[in-house]
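Below is a structure I'd like to ask you about.
The values are calculated or read from the model by the stated rules, or taken from the named source; none is laboratory data. Keep in mind that this is a model prediction, so the values were computed, not measured. Positions of Cβ are backbone-derived with ideal geometry, glycine not excepted, and every protein chain shown enters the neighbour counts. For accessibility, only protein heavy atoms count, side chains too; no ligands or nucleic acids. Shrake-Rupley method; radii C 1.70, N 1.55, O 1.52, S 1.80 Å.
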Amino acid sequence: MPLVAANWKMNPTNLDDALDLARGILSVARGHASSIEVAIMPPFPWLVGVSEVLDGSGVKLGAQDCFWEMKGAYTGEVSPAMIQGLCQWVIVGHSERRVYLGETDEMVAKKTAAALSCELGVIMCVGELADHYDAGTSDQVVTAQVKADLANCSADDSARLVIAYEPVWAIGTGKSADPEHAYKTMRLIRKVVAEMIGAGAARKVRILYGGSVNSKNVQQYVELPLCDGVLVGSASLDAEEFQHIIKVTAEVYGHR
Ligand code: PGA
């Protein structure tokens, strides 16, 4: 089943707006819950409120990050055990955390293992920087990331594992990747995943595209043969935009 995930990042800035946005998304997402999986990732303080809005709808809730230990003296961190039961999904390794907070592949691998051990689904983000893209080294960079980030995973994790290919130069820039580049990189990711956890298990791992996805360009990504959905940032903050992304995705996969 395709996955359309809304990464709200550090938005909206108050609970009322967060609940309104969740209700707006839900109004359309609920009608498609049997054919596409929709997940909303609000900031931590809004998780409980948004979970009440989504309750019983089939629309999933996720966190934008988690720590790799379950409890203890880790000021400011939130453990997967704390969000287990509230969330079905968690994002790990988002490029904004890698760039602004120095998150490394080793940390991403530890977070992934911890989240999976708490029965959470993991959306692991990988993608090259603009410099890599310009230098033609995207393939090497993405291969190394996928290998390092999956270091603690096994075939048993495949059904709860999603890899989002998000070229960093396409995130929040309005410069979405050429679908051909997205396709080739997603194909490469699937090959590397197969090397890591076996070909059969790799087929169960869903691969998303992310980076300046909006209602106008979403079709060209979800139509790609290896694409299992999209991870959406800024366009998920506008209920109508995101509703449209859900509808287009449902239509494309309905014809597969
Ligand atoms: P964007 O963000 O859609 O605003 O480019 C995507 C993401 O960071 O997941």
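Taking the residues in region 39-53 that are open to solvent by less than 10 Å² (accessible area, probe 1.4 Å) and in contact with a strand residue (DSSP E or B) (Cβ under 7 Å, 6 or more places away or on another chain) as candidates, determine which candidate is nearest to the ligand (Cβ to nearest atom).
Across region 39-53, the extreme among qualifying residues is MET41.
Got at least one residue in region 105-122 being open to solvent by 10 Å² or more (accessible area, probe 1.4 Å), in a helix (DSSP H, G or I), more than 16 Å from the ligand (Cβ to nearest atom) and of a type in the set (Ser, Thr, Tyr)?
Yes; the residues of region 105-122 include at least one that is open to solvent by 10 Å² or more (accessible area, probe 1.4 Å), in a helix (DSSP H, G or I), more than 16 Å from the ligand (Cβ to nearest atom) and of a type in the set (Ser, Thr, Tyr).
GLN140 fails exactly one of the following numbered conditions: (1) within 16 Å of the ligand (Cβ to nearest atom); (2) open to solvent by 70 Å² or more (accessible area, probe 1.4 Å); (3) in a helix (DSSP H, G or I); (4) of a type outside the set (D, E, K, R). What is the number of that condition?
(1)
Can you tell me how many residues within region 207-237 are more than 11 Å from the ligand (Cβ to nearest atom) and not hydroxyl-bearing (Ser, Thr, Tyr)?
Total satisfying the criteria: 12.
OK, next. Is it the case, given these coordinates, that GLU128 is assigned to a loop (DSSP other than H, G, I, E, B), in contact (Cβ under 8 Å) with a residue 24 or more places away in the chain, surrounded by 18 or more Cβ atoms within 10 Å (Cβ to Cβ) and within 15 Å of the ligand (Cβ to nearest atom)?
On the way: assigned to a loop (DSSP other than H, G, I, E, B): yes; in contact (Cβ under 8 Å) with a residue 24 or more places away in the chain: yes; surrounded by 18 or more Cβ atoms within 10 Å (Cβ to Cβ): yes; within 15 Å of the ligand (Cβ to nearest atom): yes.
So GLU128 passes the test.
Can you list residue pairs whose Cβ atoms sit under 6 Å apart, with the first residue in region 225-242 being part of a helix (DSSP H, G or I) and open to solvent by 20 Å² or more (accessible area, probe 1.4 Å) and the second being modelled with pLDDT of 95 or more and near the ligand (Cβ under 9 Å from one of its atoms)? Count only pairs 6 or more apart in sequence or on different chains.
Close Cβ pairs satisfying both conditions: GLU241/ALA235.
To continue, here is another question. Going through region 147-194 one residue at a time, which ones are part of a helix (DSSP H, G or I), within 16 Å of the ligand (Cβ to nearest atom) and open to solvent by 10 Å² or more (accessible area, probe 1.4 Å)?
Result: VAL168, TRP169, PRO179, HIS181.
What is the one condition in (1) under 22 Å from ASP228 (Cβ atoms); (2) assigned to a loop (DSSP other than H, G, I, E, B); (3) at pLDDT 95 or above that ILE40 does not satisfy?
Tallying (1) under 22 Å from ASP228 (Cβ atoms); (2) assigned to a loop (DSSP other than H, G, I, E, B); (3) at pLDDT 95 or above, ILE40 fails exactly one: (2).
Then there's this: Looking only at region 3-38, count how many residues are surrounded by 13 or more Cβ atoms within 10 Å (Cβ to Cβ), within 16 Å of the ligand (Cβ to nearest atom) and more than 14 Å from GLU240 (Cα to Cα).
9
Which of the residues spanning region 214-224 are part of a helix (DSSP H, G or I) and open to solvent by 50 Å² or more (accessible area, probe 1.4 Å)?
GLN219, GLN220
Take the residues of region 195-211 that are assigned to a loop (DSSP other than H, G, I, E, B) and surrounded by fewer than 21 Cβ atoms within 10 Å (Cβ to Cβ): which is nearest to the chain's Cα centre (by Cα)?
Within region 195-211, the match that is nearest to the chain's Cα centre (by Cα) is LYS204.
Do the conditions hold for VAL248, that is, is it of a type in the set (Val, Ile, Thr), within 16 Å of the ligand (Cβ to nearest atom) and more than 15 Å from the chain's Cα centre (by Cα)?
yes
Being among the aromatic types (Phe, Trp, Tyr), more than 16 Å from the ligand (Cβ to nearest atom), farther than 20 Å from GLY233 by Cα and free of Cβ contacts under 8 Å to residues at least 12 places away in the same chain, is that true of even one residue in region 70-79?
Taking every residue of region 70-79 in turn, at least one turns out to be among the aromatic types (Phe, Trp, Tyr), more than 16 Å from the ligand (Cβ to nearest atom), farther than 20 Å from GLY233 by Cα and free of Cβ contacts under 8 Å to residues at least 12 places away in the same chain.
Scan (1) outside any loop (DSSP other than H, G, I, E, B); (2) exposed (fewer than 13 other Cβ atoms within 10 Å of the Cβ) for the single condition LYS71 breaks and write down its number.
(1)
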